[in-house]
Amino acid sequence: MRNRVFPAAWTDGLPDDVLDVLTDRQERKLDRWAEQGKHDKLLKKIEKMLDKHGIDFDPDDLDSTEFFSARGGKKGGGTTDGGTTDGGTTDGGTTTDGASAKGKGGGKGNGGGTTDPTDPTDPTDPTDPTDPGTDPGTGDGPYNTAGADGLYDVYVSGKGDLGVTGDFNVELIFNGTWTVEQQSAMLLAAEMISTLVTGDIADYSVIDDVRITLSIGSIDGSYGTIARAALSGVRANDLPWAGTVRFDSADIARLMTDGTADDVAFHEMMHVLGFGPQWDDLGLLSTVNGETRFNGANATLAWQAEYPGPSGVDPYAGQGVPVEMDGGAGTAGVHWDEMLFRKEIMTGYVNADNYISATTVAALEDMGYDTIFDAADPLAPIPQLDDLLVA
Ligand SMILES: [Ca+2]
Ligand SMILES: [Ca+2]
Ligand SMILES: [Ca+2]
Ligand SMILES: [Ca+2]
Ligand SMILES: [Zn+2]
């Protein structure tokens, strides 16, 4: 995930649709104001400019944007980090999170060039600190145990510790230095996934059901890339068994202050579940009238029920959910279309506040997960991250 509010070229962060209507001169002016820190003025100005073109612009959309660094992988083969092709930005070519290989069906997924030395993605690692296969998580006392400092090395969701008991379990492994507050945001995101995904999937070696290694490390300084997700290994059924999420140490404090760390964590963890990067392999993408759509039956049903406005004027609504096509590698093809879905959490541009749609949960169902989505009742309320907080 990245924040595209660059001091040097603020306009790089604007959606392509918006850039299309700005002249070079207007862009330079906006960039100059950004350099001078005149963000309020900037946002008012751009709103006015876009108003003239009838474009409804929500400045929230610029708070941060998305970057998923492991895409484009083909079955069985090592791939290059999709991030290196995201033009004009600063993270190209600096793969830092083991994103590059997505070995099908097993083995260590970390490709050459990873600089994350402690990424424990080997499912057969005898030092694996948890044995998720032997504890139903319904016994007395907590399943997960924090250290005296309140910090976890490992945390497994769905074991009842935060009031969520479920068969789908996310095993978080914390690498490096974390604060209790930062870890809380990660735990919340994982428990959210155990709330939405209800069914167990076949263990991969000792991994029940997906292992996500989390770290905070230097990426590119403030803004720019704020976090990255990557797959480390994928089952034969195209559902991942391991992946990594790394937050930029220069950005995480701001995410905590903004209250979006849990949103960003959830979003990235969803990518590790394959939301986006596995769509193509799963046969869930179609090109309809030149545009990319997610063609899963549940999500297609859900988006028409949930977004009657945009789907009602869309002659191809029944052929799939509109997928983001702008933003280049890492954003295009792995998110819902920002222009339609706005504050939905799986758009490529994360807002100041975000929500989880039924369409997103339905997409997980289409991918092969058992979820709370019920096609007979597509508008049933979806639990949200903030609901879990008070639970
Ligand atoms: Ca399980
Ligand atoms: Ca399992
Ligand atoms: Ca950064
Ligand atoms: Ca958004
Ligand atoms: Zn994303």
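The values are calculated or read from the model by the stated rules, or taken from the named source; none is laboratory data. What you see is a predicted model, and the numbers here were worked out from it, not measured in a lab. Here Cβ is always computed from backbone atoms with ideal geometry, including for glycine, and neighbour counts include all displayed protein chains.
Is it true that some residue in the stretch 358-368 is within 16 Å of ligand 1 (Cβ to nearest atom) and in a loop (DSSP other than H, G, I, E, B)?
Within the stretch 358-368, one or more residues are within 16 Å of ligand 1 (Cβ to nearest atom) and in a loop (DSSP other than H, G, I, E, B).
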Out of (1) under 15 Å from the mean Cα position of the chain (by Cα); (2) in a loop (DSSP other than H, G, I, E, B), what's the single condition that is false for Asp374? (1)
Out of the residues in the stretch 205-224 meeting the condition of being farther than 17 Å from Val264 by Cβ and in contact with a Leu (Cβ under 9 Å, 6 or more places away or on another chain), tell me which one is nearest to ligand 1 (Cβ to nearest atom). Asp209
Selection over the stretch 220-242 where residues are of a type in the set (Gly, Ala, Ser) and either within 16 Å of ligand 2 (Cβ to nearest atom) or part of a loop (DSSP other than H, G, I, E, B) (or both) yields a count of 5
Based on this model, can you work out whether Gly276 counts as modelled with pLDDT of 95 or more, in contact with a Lys or Arg (Cβ under 9 Å, 6 or more places away or on another chain) and under 22 Å from Gly328 (Cβ atoms)? yes
Expected output for the stretch 345-357 (first residue assigned by TED's automatic domain parsing to the domain that holds Leu385 and modelled with pLDDT under 90, partner among the hydroxyl-bearing types (Ser, Thr, Tyr) and not in a loop (DSSP other than H, G, I, E, B), Cβ below 8 Å, 6+ apart or cross-chain) is Gly348/Thr65; Tyr349/Ser64; Tyr349/Thr65; Val350/Ser64; Val350/Thr65
Hey, Thr195 within 16 Å of ligand 5 (Cβ to nearest atom), hydroxyl-bearing (Ser, Thr, Tyr) and within 27 Å of Gly348 (Cβ to Cβ) or not: no
Yes or no: the stretch 203-219 includes at least one residue that is part of a strand (DSSP E or B), touching a Phe, Trp or Tyr at 6+ places or on another chain (Cβ under 6 Å), among the hydroxyl-bearing types (Ser, Thr, Tyr) and closer than 16 Å to Val272 by Cα. yes
Arg293: passes all of (1) crowded, with 17+ Cβ neighbours inside 10 Å; (2) modelled with pLDDT under 95 but (2)
Members of the stretch 263-286 found to be of a type in the set (D, E, K, R) and surrounded by fewer than 24 Cβ atoms within 10 Å (Cβ to Cβ), listed by number: Asp280, Asp281
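Residue-by-condition table, conditions (1) surrounded by 24 or more Cβ atoms within 10 Å (Cβ to Cβ); (2) within 15 Å of ligand 5 (Cβ to nearest atom); (3) in contact (Cβ under 8 Å) with a residue 24 or more places away in the chain:
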| position | (1), (2), (3) |
| --- | --- |
| Tyr223 | no, no, yes |
| Ser232 | yes, no, yes |
| Asn237 | no, no, yes |
| Trp241 | yes, no, yes |
| Leu255 | yes, yes, yes |
Collect the residues in the stretch 137-151 that are at pLDDT below 95 and within 16 Å of Glu191 (Cα to Cα), keeping them in residue-number order. Gly137, Thr138, Pro142
Is it true that some residue in the stretch 204-211 is crowded, with 22+ Cβ neighbours inside 10 Å, polar (S, T, N, Q), more than 20 Å from Ile372 (Cα to Cα) and in contact (Cβ under 8 Å) with a residue 60 or more places away in the chain? no
So is Glu181 modelled with pLDDT of 95 or more and touching a Lys or Arg at 6+ places or on another chain (Cβ under 8 Å) or not? no
If Ala297 passes every condition in (1) assigned by TED's automatic domain parsing to the domain that holds Ile356; (2) without any contact (Cβ under 8 Å) to a residue 60 or more places away in the chain but one, which one does it miss? (2)
